[in-house]
Structures are given as structure tokens and as C-alpha cells.
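Note sheet for the following structure.
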Amino acid sequence: MNQSSSITNPLREGINARGAPEPCVLVIFGATGDLTKRKLVPALYNLAHEGQLPASFAIVGFARSERDEAAFRAELCDWVKKKSRFSPVNDSVLDAMASRIFFQQGRYDDPQAYQALASRLNQIDKDLGTAWHRLFYIATPPSEFPVISEQLGANGLVTRPQPGSTEPPLQRVIVEKPFGHSLETARELNAVLTRVFDERQILRIDHYLGKETVQNIMVLRFANEIFEPLWNAKYVDHVQITVAESLGVEGRGGYYEGAGAMRDMLQNHMMQLLALVAMEPPTSLEPEGIRDEKVKVLRAIRPIASDRACGCSLRGQYARGSMMGQEVPGYLDEKGVARDSLTETYVALKLHIDNWRWAGVPFYLRTGKRLPKQTAEIAIQFKAPPAVLFAAQSNRRAATTLQPNVLVLRIQPDEGISIRMNAKVPGTALNIQPVKMDFDYGGTFGARSPDAYERLLFDAINGDSTLFIRGDETEHAWSIVDAVLQGWKNDPQGAPAYPYESGTWGPPEADEFIRRDGREWRRT
Ligand code: BG6
């Protein structure tokens, strides 16, 4: 029989003494957008389906465009049916949830709209007993983040906890990505948010942290004895973090032009993966303890001088090509993209972490769109074993080459963990062959994992900030990325956006980039 030990985080602030989540109203700004339909509301339904929402819970959608409330509800219910991981949905659960979905139209900079929102929320408090417990989810384009935050403060919708108070805050805000466009703008946004909210009230979202496999990084490292002794420069040759996407920019050319792979994927998702894989063990599961360790490791990343950026990074851009037998356009032919754009759809970056554990171990990060497949993984490549014992065999006819061990954490889609090791091929000759020991989530745990947003919304409702990014964390990640972006800008000739055919593993120059160090990208 499978035995699992369950550890719940005792520091969830929103959970009351009975262990039940506090009543709560979720206000979504940008409620008519894609995120609400495709991700947020289906995730909330999944939580409701599993009985994990507070008994008193309501959703208020806030958006600029006018919507009939009944039509808004009906549209969201259709999306739930399309996107929920439960099929068919439970009609009575969905109807109950729908009856508590409301819509409020208003401009984001209009104080009257916030007054109207406040009256609506007061009424809901009276009807449902939600007692000022509010979660504001800012899911608008980033240009609106500051004004919404300021208006919430100015119109009395936010009460800051008293300094030093250990009481759970009544209101919290979730801020979507992108969090800033540069180090400077991220700082400005942090400043605006912290004028209105206490840091304890701010939940900066990175949906990668909600993925089961990402949460498992800490469990793998710190709930097992066998890995941690090897998790350092003495045994590890290098680490490769890959997030490959087969999709292109999918109609988001306008947004992507101003972002590129560096801002869209690397500054947030990939830096978080790096932090979790490289950090020291925290002293407890307390959110600040974990976030302190992540910050420590981000701070230890060797700063990149802008004039050295081209040597430790490489950018590429997809050209037309073929994906699964279908012709696809190049990036420059996508809607909303400038014909002479240098925006990168591929990036490779080499980082060093200057601390005791990782001295001399390069971390290679790469991400790109229109690569041959959709996959994300972290590969810890160990040093080659001493060749002394089997050296003689390698010169014989039945040649033996000892491959280094590799531990691969497969983040998605084929979630699992594998270890590559060497084994003797059965027979009278001494032939050695690399083999794979594999754990896969699906085979072991069966059920489909909850979507990342489901976990993150659950935690936000329950006041657990562990899987959200702290202000200083995002700034440290930005400082690395900013230096590279600045280097590219200063020397566009030194950092061309190398074209690569859609459906290939990035520009040929990216292979050369890692080969210079005597290493190869993994073929995932
Ligand atoms: C988003 C990016 O944050 O992450 C998208 O804006 C990207 O460009 C997406 O496609 C990838 O997320 P996932 O969960 O599909 O790996």
C-alpha cells in the first residue's frame, strides 16, 4: 500500500482555527480577458469541485468594457466546461459558483468606478458574510497595474495591517506578469504597490511556481538523503535548464515585440527554476525562509557587465519552417511584428553562481519558441566518473565510453524524474551502456495534476505566499537580465538575432555557444 506523509504549511494566514479557508471575495481586474476565461475561472471551478473554496466565496469581474452580468456568467460557465480538468462538470457546483459571479464595469482610473465597486463589495459582505476579506487580482495589461493599485488605496478599498501585527491581512493583491519591463520599472512598480499594500499583502504571480513538478524540486532535494551530498561543485559538471515551446507567438506579436524570450520567460519562470535548484536548504517551510534562500542565490549570480553580455548569451529568432508537417511563418511575418525586429524568440544564457556550493559550475539556460517540441526540464549533469578501471575496454573493439550521470527533472509535459547511469550489457564481453532509471508522475500518481493556477489561487485565498515572488526577488532577477539586454542594445552587431528555421533546436550558433565550453545541449 502506498503511504504518503502529509505536511501542511502551518503558516497559511487565511485559514481559521477550524482549518477552513476564510470567506472571501475575489475581484478580477481585466475580467473580460483571456486569462480569466481560460485559466482563472476554470481553476476556481476545479477548486469548488473538490470542495476547496471557502463556503462563502464570490467573484466580481471588473473590466472597462460593458457586459451584461447574466451573459458574463454564461460565458464563464462555457469556458469552465471547455477547460475544467473535470469532465463532465458537476452542474450543481457550477450553478452555485455562477450565482456568485458579478460584473462591474468601469475605467481603471475612475474613482467613481471604485466607489461603485466598494458599494458592491459591501453588499456582498452583508449577503455572504465575507467581512472585508478581499483578494484583488490584477490581470490587466501591465500599464494598468500602477493606476489600479493607487485607486484601490485612494478609494479606501485596502486596509494596511498595523506595523508589527501578526494578524492576517484582510485584503491582498495578486499581480500578474510581466512584473516591470526592466530593473528600473520593476522597482517603480514595487514602490507603487508598497505605497498602498504591505509586502505581506502582495502576491506576485509566476505560474511556474504553481506547477507540481516545480514544487517537487524542493521535495526531491530536501526530503531525500541521497541527492544533496552530490548537489555541488565537487560532483556536478554543469546544469542545463531548458524550456522549449513548439508554439510561435500565437497572435501576441504586439506584446511579444516589447518582451522577447528574455523578459517573457527567462526573467521570471527560468530564474525561478534556477533559484529552486541552486538554493541552500531553508531552515523551515516558512514562506520568508524559502524566499530568503532564493534571494541569496539570485544575489550570488555573478554580475554580467554589459560589455561582456554578448559572450555569455545568445539570441535567435525563428524563421519560417515546418512544424508537424505544416508550413509556419517566420517571426518577422507575424502580425504586430516590425519587419526589421531584433526581438529574440530564442535565448541561451550562461550564468555562474559565485558561492561555495556552485563555484565553477556553469548554469546554461535556454528557451525558445517554434522549437521541435514542447518540453521543460532541468538536467543536472555530473562529472565524468574516473576512467581508470574501464580505460582498457575503451581501446578494445567492443568500445566502452563512460557517459556522465545525468539527473533530469522533467517539468512538463511528460512529468517525471530520470537518472542516467552506466550498466553492463549482458554477455561475456564487458560492454557498458548508459541506461535510464525513470519515475513518471502519471504512472505513479494516476490522476491529472491540478493546473498551476488552481494551486496558486488556492494559496492566495488561504494566505500562503510561499509560491509567490517577493519584491526583492524580482529585482535581483531583473538585474541579471537587464545587464544582458543592455549589452545587446549597446552592441547589436555583437548580438545579432540569429535566425533559425522553425521546427529546429534554435540557431546553429547556439550549438557553438555551448560547444566552446566543451559541452553539448541535451537533445530532450
Ligand atoms: C507565459 C508566457 O508566461 O508562459 C508565454 O508569456 C509562454 O509566452 C507561457 O508560452 C508558457 O507557459 P507553460 O505553462 O505553457 O509552459
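The values are calculated or read from the model by the stated rules, or taken from the named source; none is laboratory data. Please read these numbers as outputs of a predicted model, since none were measured by experiment. FYI the Cβ positions are ideal-geometry reconstructions off the backbone, even for glycines, and counts take in every protein chain you see.
Quick test for you: out of G494, G506, pick the one residue that is of a type outside the set (A, V, I, L, M) and in contact with a Cys (Cβ under 6 Å, 6 or more places away or on another chain). Among G494, G506, only G494 is of a type outside the set (A, V, I, L, M) and in contact with a Cys (Cβ under 6 Å, 6 or more places away or on another chain).
For region 119-134, does any single residue satisfy the condition of being closer than 21 Å to P169 by Cβ and within 29 Å of the chain's Cα centre (by Cα)? Within region 119-134, one or more residues are closer than 21 Å to P169 by Cβ and within 29 Å of the chain's Cα centre (by Cα). Contact annotation: residue pairs with Cβ atoms under 6 Å, 6 or more positions apart or on different chains, pairing a residue in region 260-271 that is in contact (Cβ under 8 Å) with a residue 60 or more places away in the chain with a partner that is within 11 Å of the ligand (Cβ to nearest atom) and of a type in the set (K, R), are N268/K177. Would you pick out the residues in region 435-458 that are within 27 Å of K37 (Cβ to Cβ) and either hydrophobic (A, V, I, L, M, F, W, C) or in contact with a Phe, Trp or Tyr (Cβ under 7 Å, 6 or more places away or on another chain) (or both)? Passing the criteria: A447, S449, A452, L456, L457, F458.
Here's the yes/no breakdown for (1) over 22 Å from the mean Cα position of the chain (by Cα); (2) farther than 26 Å from L26 by Cα; (3) not aromatic (F, W, Y):
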| residue | (1), (2), (3) |
| --- | --- |
| M437 | yes, yes, yes |
| D440 | no, yes, yes |
| P450 | no, no, yes |
| N462 | no, no, yes |
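Evaluate the following for Q240: is it away from the ligand (no atom under 16 Å from the Cβ), closer than 19 Å to Q272 by Cβ and within 18 Å of the chain's Cα centre (by Cα)? Yes.
For region 434-443, the count of residues that are surrounded by 15 or more Cβ atoms within 10 Å (Cβ to Cβ) and of a type in the set (D, E, K, R) is zero.
Has region 188-200 got any residue that is outside any helix (DSSP H, G or I) and more than 16 Å from the ligand (Cβ to nearest atom)? Within region 188-200, one or more residues are outside any helix (DSSP H, G or I) and more than 16 Å from the ligand (Cβ to nearest atom). Looking across E473, E454, one residue alone is more than 16 Å from the ligand (Cβ to nearest atom), surrounded by 13 or more Cβ atoms within 10 Å (Cβ to Cβ) and under 15 Å from the mean Cα position of the chain (by Cα). It is E473. If we keep just the residues of region 201-213 that are out of contact with any strand residue (DSSP E or B) (no Cβ under 6 Å at 6 or more places or on another chain) and part of a helix (DSSP H, G or I), which is surrounded by the fewest Cβ atoms within 10 Å (Cβ to Cβ)? The residue in question is E212. Identification of strands (runs of 3 or more DSSP E) wholly contained in region 315-375 with 2 or more residues that are within 16 Å of the ligand (Cβ to nearest atom), among the charged types (D, E, K, R) and surrounded by 21 or more Cβ atoms within 10 Å (Cβ to Cβ) yields no element. Inspect region 162-175 for any residue being within 16 Å of the ligand (Cβ to nearest atom) and modelled with pLDDT of 95 or more and give the result as yes or no. Scanning region 162-175, I find at least one residue that is within 16 Å of the ligand (Cβ to nearest atom) and modelled with pLDDT of 95 or more, so the answer is yes.
The sole residue among A447, A429 that is modelled with pLDDT under 95 and more than 15 Å from K211 (Cα to Cα) is A429. For the residues L157, L230, the requirement of being away from the ligand (no atom under 16 Å from the Cβ), of a type in the set (A, V, I, L, M), in contact with a Leu (Cβ under 9 Å, 6 or more places away or on another chain) and closer than 30 Å to A359 by Cβ singles out L230.
If the condition is being part of a loop (DSSP other than H, G, I, E, B) and either of a type outside the set (A, V, I, L, M, F, W, C) or within 16 Å of the ligand (Cβ to nearest atom) (or both), then region 376-392 contributes K383, P385, P386. Taking the conditions exactly as written (in a strand (DSSP E or B) and free of Cβ contacts under 8 Å to residues at least 40 places away in the same chain), does V173 satisfy them or not? Spelling it out, V173 is indeed in a strand (DSSP E or B) and free of Cβ contacts under 8 Å to residues at least 40 places away in the same chain. Residues of region 412-433 that are among the hydroxyl-bearing types (S, T, Y) and surrounded by 14 or more Cβ atoms within 10 Å (Cβ to Cβ): S418 alone. From the list M279, M270, the lone residue that is more than 10 Å from the ligand (Cβ to nearest atom), surrounded by 22 or more Cβ atoms within 10 Å (Cβ to Cβ) and within 30 Å of R320 (Cα to Cα) is M270. Here G248 meets the list (1) more than 16 Å from the ligand (Cβ to nearest atom); (2) in a loop (DSSP other than H, G, I, E, B) almost entirely, failing just condition (1). Taking first residues from region 291-308 that are closer than 19 Å to V484 by Cα and partners that are of a type outside the set (D, E, K, R) and assigned to a loop (DSSP other than H, G, I, E, B), the Cβ contacts under 8 Å between residues at least 6 apart in sequence or on separate chains come to V297/M279; V297/N355; A300/N355; A300/W358. One residue stands out among those in region 483-509 that are modelled with pLDDT of 95 or more and farther than 20 Å from A259 by Cβ: the one that is nearest to the chain's Cα centre (by Cα), which is W505.
The number of residues in region 201-227 being in contact (Cβ under 8 Å) with a residue 24 or more places away in the chain and either away from the ligand (no atom under 16 Å from the Cβ) or hydrophobic (A, V, I, L, M, F, W, C) (or both) comes to 12.
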